[in-house]
Amino acid sequence: MNPLAGYLLVAALLFAIGLAGALTRRNAILVLIGIELMLNAANLNLIAFWRYGPHPEALTGMMFAIFSIAVAAAEAAVGLGLVISIHRHAHTTDLDAMNRMKG
Amino acid sequence: MNFAFYLISGLAVAGALAAVLLKNTVHCALALTVAFAGIALLFLKLGAQFAGFAQILVYIGAVAILVVFAILLTRGSETPKDGVYSKFPLTGLAIAAAVFAVLGWAVLNSASVLPGAGNSSAVAPAVTVMDIGNALMSRYVLPLEIVALLLTAALIGAVIVAMHEKEEAK
């Protein structure tokens, strides 16, 4: 099998697992974990295309992945801060129980 | 395609599955760390040393710790009485399976035209950390500054969002 296709299949599987977790879990933190898995699968695609692409010395895919890691770190910090703040107001992290916008 | 690739991807996929399926939230966070480590190993196997070690530092070192902190601060480790899955788990599973089917179909159908089949890609590209640093300081300096601004804003924003609001209460 083509090595690039193997990496792309693994990334697709990780993305699907993350999506299933984000869509089916009740706990807001578990939903964030699913989103992190999806971001990592996308990074794996970027690195795999950088490695097997025609011009790896241009570093495009590598830079994309590095910036994506930095943005994902910011996303995780703000997301978990929001979860903690919501837990302080609503005393739950159950997404099905959060059904009003008023604090 | 060799044994190491299958072993590492099996580790990453098993960690991801455990992170999504386990009932105890703390166990989920630990399994997530395993999945992150597997993905970092895949990066290293692809010859992207800098991205692999950045993955280990950022995800295993920071994000996993943040997740554990959030779980313990929200008492999320207690398994809820009415199950860990939302009201319509089958819909979510169906959507995820459909997404994987489409992605896998697209990859397998285009496997013959993807780059990387030839002998020329057998050797990993020789990219040192110095090359990455030079690129970050020359061609990618504007995105680097924007990311620095974004990280500062996210840091301040996360602290403000999660801060106690005692003054507001009175």
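Please treat every number below as a calculation from the coordinates, not as lab data. None of these values were measured; they are calculated from a predicted model. Please note: Cβ atoms are built from the backbone with ideal geometry, for glycine as well, and neighbour counts cover all protein chains shown.
Scaling against 2.2 N^0.38 Å puts the C-alpha radius of gyration of the stretch A:3-97 at 1.31.
Here the gap between B:A126 and B:N24, fully extended at 0.36 nm per residue and compared with their Cα-Cα distance, gives a gain of 32.4 nm.
Using the count of nearby Cβ atoms within 10 Å as a rough guide to exposure, how do B:Y140, B:Y59, B:Y6 rank from fewest to most? Please list the in-between numbers first.
Details: B:Y140 19, B:Y59 27, B:Y6 12.
Ranked by crowding around the Cβ, least crowded first: B:Y6, B:Y140, B:Y59.
Which residues in the stretch A:74-103 place their backbone N less than 18 Å from a point set 7 Å from the Cα of B:F69 along the Cα-to-Cβ direction? It comes to A:74-88, nothing else. Between the stretch B:132-156 and the stretch A:1-69, the alpha-carbon centres lie 21 Å apart.
For chain B, what does the helix formula give at 222 nm: sum of -39500 (n - 2.57) over DSSP H segments with n ≥ 4, over the residue count, nearest 500 deg cm²/dmol? Present the calculation step by step, with values, prior to reporting the outcome.
Working: 8 runs with 113 residues, N = 170.
Per the formula, -21500 deg cm²/dmol.
Free of any trypsin sites (Lys or Arg not before Pro) that DSSP assigns to a loop and that have at most 16 other C-beta atoms within 10 Å, the longest stretch within chain A is A:1-99. For B:A101 and B:Y6, a Förster radius of 22 Å and the Cβ-Cβ distance give a FRET efficiency of 0.50, rounded to the nearest 0.05. Farthest toward the positive end of the dipole of the protein assembly as shown, out of A:G34, B:A4, B:L155, is the Cα of A:G34, where the dipole comes from beta carbon charges about the Cα centre.
Is there a quick way to get the dipole size of the protein assembly as shown? I mean about its Cα centre, with the Cβ of Lys and Arg at +1 and of Asp and Glu at -1; what is the value in debye to the nearest 20? Display every interim value, and only then the final one.
On the way: 14 positive and 12 negative charges, 102 e Å.
Taking the Cα centre of the protein assembly as shown as origin, the dipole is about 500 debye.
Seen from every direction in turn and averaged, the convex hull around the alpha carbons of chain B projects onto 15.2 nm².
Per-residue ellipticity at 222 nm for chain A, helices alone: DSSP H runs ≥ 4 residues times -39500 (n - 2.57), over residue total, nearest 500 deg cm²/dmol? Before the final figure, lay out the partial values.
On the way: 3 runs with 78 residues, N = 103.
After summing the helix terms and dividing by the residues of chain A, the value is -27000 deg cm²/dmol.
Helix A:28-52 and the long axis of chain A differ in direction by around 10°, with both axes built from C-alpha atoms. Comparing mean-square fluctuations of A:L19, A:L30, A:L59 from a GNM of chain A with C-alpha springs under 10 Å, the top value falls on A:L59.
Helix A:60-90 axis versus longest C-alpha principal axis of chain A: approximately 10°, rounded to the nearest ten.
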